[in-house]
Each structure stands twice: as structure tokens, then as C-alpha cells.
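Heads up: the structure comes next, in C-alpha cells.
The values are calculated or read from the model by the stated rules, or taken from the named source; none is laboratory data. Values in this document were obtained by computation on a predicted structure and should not be read as measured data. Neighbour counts are summed over all protein chains in view; Cβ atoms, including those assigned to glycine, are modelled from backbone coordinates with ideal geometry. Heads up: the accessible areas ignore ligands, DNA and RNA and are worked out on the full protein's heavy atoms, side chains in. Shrake-Rupley method; radii C 1.70, N 1.55, O 1.52, S 1.80 Å.
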Amino acid sequence: MIFDFKFWHYFARQGELIHNLENSEMRHFNKRLGWLFALGVLLFAVREIWGMNTSTLTPYLIAGDFDTYTLARWISLAGTLIWAGIYLAFHTYGAAFLFSRILKIPWRAALVMQTYVTAILVIEKALLFLIFAVLGYTTFLSMFSFGPLAAMFFDHSFIILTFNQLTIFTSLIIAIQYRFLRNYVEFSPKLLLFGLIILHLLIAVAIGALDFVPVEDMLEGFTEGDVPGE
């Protein structure tokens, strides 16, 4: 038997989708995935063109160095497009590969599962950008996360950024992964759910820890031609 993959149709019918994956051939999946990647890259590009994450380039504009500013914006846009491709590919293909290898679940099921995960991440970024565009400014904290709440009680950026990675969309991602994985692994449902929660907590901690990496100093030293040890 053959069934057509329809993203929104199966979004709320995960059980039916899993049943079809196990018993039928799937059509039009690559087409839907291609559209997801195209929309994701477009979203990253629009955010960059609008000015998100380009505050470090403002000094060139203030100094009146328009040529340098224009070149920097083009380079920044190119870097954003490359990062968008890496981001989307990792969350879709990379994560699916890891789930398939580590938990021994079928590759096709893992890929479909992560396609929904990637779509949720894109939707979250789109909604956040829409709110920023309406307000006319951005913040480094997401209003969908626990970051703003953590900022009310803690001063340490590591804690705030860690909580900032835990959003209402994270809960939806865990729910989708749990719904898929429990059909393919032998773990107890409680152990599987606990494992997924711990996994996402560790990811949040790892991203929060990036605050300790002196990226700006490293980039500044690179552009100024500093050589370590001299």
C-alpha cells in the first residue's frame, strides 16, 4: 500500500502516521521536506535582512563607513544562510541518524519524527520574529521560554540562557519524540520520557555554557591578526 505524506494532516494524527510508516510506502515526503528547508532558510534570511543579530555591525554605520557596513551585511547574510542550512540539516538528518543508530529505530521513522521537530523549531522562530517585528526591537530572551522568569530571580547569564532554551515548544517536541520512539524501543514509557527530558535539559545546559566561550574576543583577535603566544 501507498500513502501520501501530508504534514498538517498527520501533525495531530501521529498514531495513524506511525501505522502507515510500518505498513505502507510513503510518497511526497521529500517534497514536503524540501519545502520545510526552503521556508526555514527564507526565515533565517528575512530575520537577517530585518536586522536581527546584526547589532555588532552598527558601529560601521555610525562611523559613516557605508561601504564596509554594506560588505559586512552581505557577508553576515551569507553566513546566516550557511548556518541555516547546517541548523536545519542537523536537526533533521543529524538527529535522525543519531536516534536511528543509538536506539536502533528505523531510519525512515526517525527522519519523519525529526522533520516534525525541525518544523516546530522553525515555527517557534517565525512566531518570535513576528513578535519582534511588530514591537520593533529584539531581546536575547524568548517570551516562549523560562528565560524571562529566570532573569527575575538570577543574575548569572549561564542560568538565564539555560532556562531560555526550555520553551513551550520544547514540551511539544518531547511529546512528538515520545510518541514515535515508544513504538520502536523496549524501554518502559516512564524511562523513555525521563530520558527525553534529561536529553533536552543537557542540550539546554550545553547551549547555556556557550556563554563562557569568548567568541567575540576570538573573532576580534582573528580580524586584528593576533597570533597566540606573541
Quick one: would you say Tyr116 is in a helix (DSSP H, G or I), hydroxyl-bearing (Ser, Thr, Tyr) and open to solvent by 40 Å² or more (accessible area, probe 1.4 Å)?
no
What's the total number of residues in region 1-56 that are exposed (fewer than 15 other Cβ atoms within 10 Å of the Cβ) and hydroxyl-bearing (Ser, Thr, Tyr)?
3
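Yes/no per residue for (1) within 24 Å of Val46 (Cβ to Cβ); (2) of a type in the set (Val, Ile, Thr); (3) touching a residue at least 60 places away in the same chain (Cβ under 8 Å); (4) surrounded by fewer than 15 Cβ atoms within 10 Å (Cβ to Cβ):
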| residue | (1), (2), (3), (4) |
| --- | --- |
| Ile120 | yes, yes, no, no |
| Phe132 | yes, no, yes, no |
| Thr139 | yes, yes, no, yes |
| Phe146 | no, no, no, no |
| Ala151 | no, no, no, no |
| Leu166 | no, no, no, no |
| Ala175 | no, no, no, yes |
| Phe194 | no, no, no, yes |
| Leu199 | no, no, no, yes |
Filter region 1-31 down to the residues that are touching a residue at least 12 places away in the same chain (Cβ under 8 Å) and either part of a strand (DSSP E or B) or among the aromatic types (Phe, Trp, Tyr) (or both) and list them by number.
Ile2, Phe3, Asp4, Phe5, Phe7, Phe11, Glu25, Met26, Arg27, Phe29
If you go through region 154-168 one residue at a time, do you hit one that is of a type in the set (Phe, Trp, Tyr), at pLDDT 95 or above and in a helix (DSSP H, G or I)?
no
